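Right, one structure below, let's go through it.
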Amino acid sequence: MERGEKLYEGKAKIIYATDDPDKNILYFKDDATAFNGAKKGSILDKGVINNKVSAKLFQMLAEKGIESHFIEMLSDREMLAKKVDIMLVEVVVRNYIAGSLAKRMGRSEGEKLPETIVEYYYKDDALNDPMINRDHILVFNIATAEQIDTARATALKVNQVLSAYLLERDILLVDFKLEFGNYHGQMLLADEICPDTCRLWDRHTLEKLDKDRFRRELGNVEEAYLEVCRRVCGDL
């Protein structure tokens, strides 16, 4: 299937139309951003790795009964996906204290939470993606009760399945962001699942294997992404 009109270009991907109105092509870029675009750069072959890791994880989740927009990989950087109407709510799942949660609560990074926390963020770059709650979502008609409740339940199931899968590969799933989209009345997991959207730490050393290496200028960014790809996909 060939690319058609460019529909949208975001920080990490370009979305193209196809000759099938129900399908899009997602092209994964090497561009890297942090702090809502305030920091910009590039990570060598990031697009290739994120496409490959996302495809592998979407396939694994599908085997566990969790459906997504993923159809197939078309090339190293291209994924064929169902055309979804993206819900303007990012769902963040937290298993350990890290990042903004550590700052907000005044706690040290690395502490395992006694229970998983689910947070919601309004997708609006101009507003810096503010954190919101279920009441905000319903009062401001950002999504319906059924949509957000389905997204939350799915996110918790993803967390259970993905945490176990990664732990077998000596990776701790610290926290991660999910997006969902409406596909003919069905809420599907969408976007991507990769080192850009997850905090991933080595199980034994707690070494960061994700975009925090770029955010915090820790170095060895490409090596960390490659290591995640090796462990998740089994090869490079």
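The values are calculated or read from the model by the stated rules, or taken from the named source; none is laboratory data. Keep in mind that what you see is a predicted model, and the values were worked out from it rather than measured. Positions of Cβ are backbone-derived with ideal geometry, glycine not excepted, and every protein chain shown enters the neighbour counts.
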Members of region 59-69 found to be surrounded by 15 or more Cβ atoms within 10 Å (Cβ to Cβ) and in contact with a Ser or Thr (Cβ under 8 Å, 6 or more places away or on another chain), listed by number: Leu61, Ile66
Condition check for Ser75: surrounded by fewer than 19 Cβ atoms within 10 Å (Cβ to Cβ) and outside the structural domain of Leu113 (by TED's automatic domain parsing): yes
The lone exception for Arg107 - which of (1) farther than 26 Å from Trp201 by Cβ; (2) more than 16 Å from the chain's Cα centre (by Cα) it fails: (1)
Which numbered condition Asp19 fails, given (1) of a type outside the set (S, T, N, Q); (2) over 25 Å from Arg152 (Cβ atoms); (3) in contact with a strand residue (DSSP E or B) (Cβ under 7 Å, 6 or more places away or on another chain); (4) without any contact (Cβ under 8 Å) to a residue 40 or more places away in the chain: (3)
Options Tyr16, Tyr8, Tyr27; residue that is part of a strand (DSSP E or B) and under 25 Å from Arg199 (Cα atoms): Tyr27
Leu113 assigned to a strand (DSSP E or B), within 16 Å of the chain's Cα centre (by Cα) and not hydroxyl-bearing (Ser, Thr, Tyr): no
Subset tally (residues that are closer than 28 Å to Ile148 by Cα and in contact with a strand residue (DSSP E or B) (Cβ under 6 Å, 6 or more places away or on another chain)) for region 33-69: 8
Single residue of region 3-58 satisfying the filter (touching a Ser or Thr at 6+ places or on another chain (Cβ under 7 Å) and under 29 Å from Tyr165 (Cβ atoms)) that is surrounded by the fewest Cβ atoms within 10 Å (Cβ to Cβ): Lys11
